[in-house]
Amino acid sequence: MIIATALRILRQLRHDRRTVALLVVVPTALLALLYFMYDGQPRAFDRVALTMLGIFPFVVMFLVTSIAMLRERTSGTLERLLTTPLGRLDLLFGYGIAFGLAATVQAAVATAAAYLLMGLETAGNTALVVLIAVADAVLGVALGLFCSAFARTEFQAVQFMPVVVAPQLLLCGLFVERDAMAGWLGAVSDVMPMSYAVEALQEVGAHPDPTGTMWRDLAVVCVASLLALMLAAATLRRRTA
Amino acid sequence: METAIEIDDLVVARGRKHVLHGLSCTIPRGQVTGLLGPSGSGKTTLMRAVVGVQLVRSGTVTVLGEPAGSKPLRRRIGYMTQAPSVYADLTVRENARYFAALHGLPKPEADKAVTAVGLEDAAHQLVGSLSGGQRNRASLACALVGRPDLLVLDEPTVGLDPVLRVDLWARFHALAAEGVTLLVSSHVMDEAGRCDRLLLIREGRLIADDTPAAIRAATRQDDLEQAFLELIRTEAHA
C-alpha cells in the first residue's frame, strides 16, 4: 500500500508538468544566479553553492508537501482514505518516498549542473552531496506533513514556511558561522535539523573521505525526519469533529 | 431480518451545538436504506459516524457486528463523500486503480467499476476536466471498487441526468439483491420512493424509520414529500 500510494502521488505529479519543470529547473537557475554573483570568487561560491544544494530541496519539498497534504484534507480524499485499509503511516511514508524520489531527481540535476557547468569543487564525493541533499529533502517532506496538520487553508500553510524554514535557514551556518554565534543562538541552532545537513555538506566540501562527523550529521537528519513523520502520524486523526 | 448497522443513542456535538440528539435505529442487511432530510439535518454526520471518521460524544454504532471504524471493517465498507473526493489531477482510471490497490485488488476490478458508472469513455480523462456529474460518478466508482459489504453513499446522484439516475438506482438494487447493504442519502424526495426503507431525519432527530409504503399509509399521504411534511407537523404538535 505504501508503494501504491507513492506511485499515485508520482502520477499526480506527472500530470502536472509545470510543477515538474519548476522542481527541476528552479534550483539550478538559482545556483546559476549565485555563480554569476560570486564571479571571480570560486572559494566563496563553493561554500555557498554547497550549502544551497542542501537548502533548496528542503525548502521546496516542505512547501510542496504541506500543500499536497492540505489538498488531501480539503478535497475529502483524506477522509475517504481513512475509511480504507490504508494505514496512516502507509500514507505518510508514501509521501516520503514519492517526494524523496522527486527530490533525488532535483538534487541530481542541480548537483550535476553545479559541478559540470559552474565548476563547483569539493574534496569529497559528489554522490555524498546528492545523498545528503535527498535526506534533507525527506526531512522537508516530513516537516511539511507534520505542519499541514495545523493549517486549515492554503494561506495558513504558506505562512508555515517562514515559521519553520526561515529560522533554520538563518541559523544553519550560511550567514554566520555557527561557532561565532552567541551561546543561546548556538543552542537554538543545535536543535535545528538543517544545521546538521549543512554541516554534513561542509564536511564533504572539506574532506576527501566521508568523516565521522558527516555520518553523525546524516544520521541526525534521518532521525529527525522519522521523528517528524511519527509526529505527523500522531496528529493525523482518523476521527474528526 | 439481519441487521447491518445498529445505532444506539448516538450523540454528536460540534462545539456546544448538538448535531445528533441521541439517535437510535437499525439498518437491515441487503437492502437500500434511504437517509432523507433537509440540508443540515445531520445526514452527513450520521454517515461519517457509520464509516467511523466522526468524533462522537456518546452512544454506540455497530456495523456488521463490529464497532464502527474498527480495522477489519475498513476492508468491508465503501464510502462516497458528498463532495467528490477523488484526485482531480489523476485520470478516472488512475483514481479507481489506486483505490483498488488499497483493497489489494487487481486493475481489471478497477476498470469494471469505471464501466459500472458509465465512465469508460472518459476513463483516460483527468478528473479535474470532467463535469460535476461525471466527477461524482468517478467518486462513486472508487467507492464500488473494493466490492464492499456496506456502501455508504452521501448524495450519489446529485447532478446526474435522469436516465443515469435510473440506471444507478437499478445498480443499487442489484447490489442489494447480492446481499450488499446500502445507506444512501438524498435530499430529493422523488428518490425516497426507490428505497426499500427510509430514515427521515430533521434537526438531528429521527422522525420516521419505516418502509415508504408504511410511511405513506401512516400519514395518509401518497406523496412522500407531503408525508414528510405531515410527520413534521405531528412532531410539532406532540
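Choose one answer from B:148, B:106, B:212: the residue with the largest mean-square fluctuation in a GNM of chain B with alpha-carbon springs under 10 Å.
Of B:148, B:106, B:212, the Gaussian network model singles out B:106 as fluctuating most.
For a label point 7 angstrom out from the Cα of residue B:232 toward its Cβ, which stretches of the range B:183-202 have the backbone nitrogen within less than 18 Å?
Residues B:186-193, B:199-202 fall inside that zone.
Out of the DSSP beta bridges found with both residues in chain B, what percent are antiparallel (nearest 5)?
The antiparallel proportion sits near 55 percent.
Report Rg (one decimal) and Dmax (nearest whole number) for the range B:150-212, counting Cα atoms only, units Å.
Using the Cα atoms of the range B:150-212, the pair Rg, Dmax is 11.9, 34 Å.
With solvent modelled as a 1.4 Å probe, how much accessible area in total do chains A and B shield from it at their shared surface, in Å² to the nearest 100?
2700 Å²
Return the percentage of antiparallel bridges among DSSP beta bridges fully within the protein assembly as shown, rounded to the nearest 5 %.
50 percent
Over 28 Å apart: what share of the alpha carbon pairs of the protein assembly as shown falls there, rounded to a whole percent?
When all Cα pairs of the protein assembly as shown are counted, 58 percent exceed 28 Å.
Provide a whole-number value for the mean count of partner chain Cβ atoms within 10 Å of the Cβ atoms in peptide B:68-78.
Across B:68-78, the average partner-chain Cβ count within 10 Å equals 2.
How about residue B:43: which lysines have a C-alpha closer than 22 Å to its C-alpha, ignoring those fewer than 8 places off in the same chain?
Within the straight-line limit of under 22 Å, residue B:43 reaches these lysines: B:17.
Among B:51-61, B:74-84, what's the highest-first ranking by average C-beta atoms within 10 angstrom per residue?
Packing order, densest peptide first, comes out as B:74-84, B:51-61.
Working from Cα positions, state the angle (0 to 90°, nearest 10) between the long axis of helix A:2-15 and the longest principal axis of chain A.
70 degrees
Against the globular-protein guess of 2.2 N^0.38 Å, express the Cα radius of gyration of chain B as a ratio, rounded to two decimals.
Ratio of Rg to 2.2 N^0.38 Å for chain B: 1.01.
Of the peptides A:31-42, A:213-224, how do they stack up when ordered by the mean number of other Cβ atoms within 10 Å, highest first?
Result, highest mean first: A:213-224, A:31-42.
For the range A:2-235, what is Rg from Cα atoms divided by 2.2 N^0.38 Å, rounded to two decimals?
Working it through for the range A:2-235, the quotient is 1.01.
Could you sort the peptides A:187-194, B:158-165 by per-residue average Cβ neighbour count (10 Å cutoff), highest mean leading?
Most protected by this proxy first, the peptides run A:187-194, B:158-165.
What average number of partner chain Cβ atoms lie no more than 10 Å from the Cβ of the residues making up B:136-149?
Per residue, the number of nearby Cβ atoms from other chains is 1 on average.
On the protein heavy atoms, probe 1.4 angstrom, tell me the percent of accessible surface of the range B:69-147 carried by carbon and sulfur.
Within the range B:69-147, the accessible surface is 51 percent carbon and sulfur.
Over all directions, what mean area does the Cα convex hull of the range A:1-43 project, stated in square nanometres?
4.3 nm²
Averaged over its residues, how many other protein chain Cβ atoms are within 10 Å of peptide A:65-77's Cβ atoms?
3
The values are calculated or read from the model by the stated rules, or taken from the named source; none is laboratory data. Just so you know, these numbers come straight off a predicted model, no measurement behind them. Cβ: placed from backbone, ideal geometry, glycine included. Neighbour counts: every protein chain shown. Note: areas computed on protein heavy atoms with side chains; ligands, DNA, RNA excluded. Shrake-Rupley method; radii C 1.70, N 1.55, O 1.52, S 1.80 Å.
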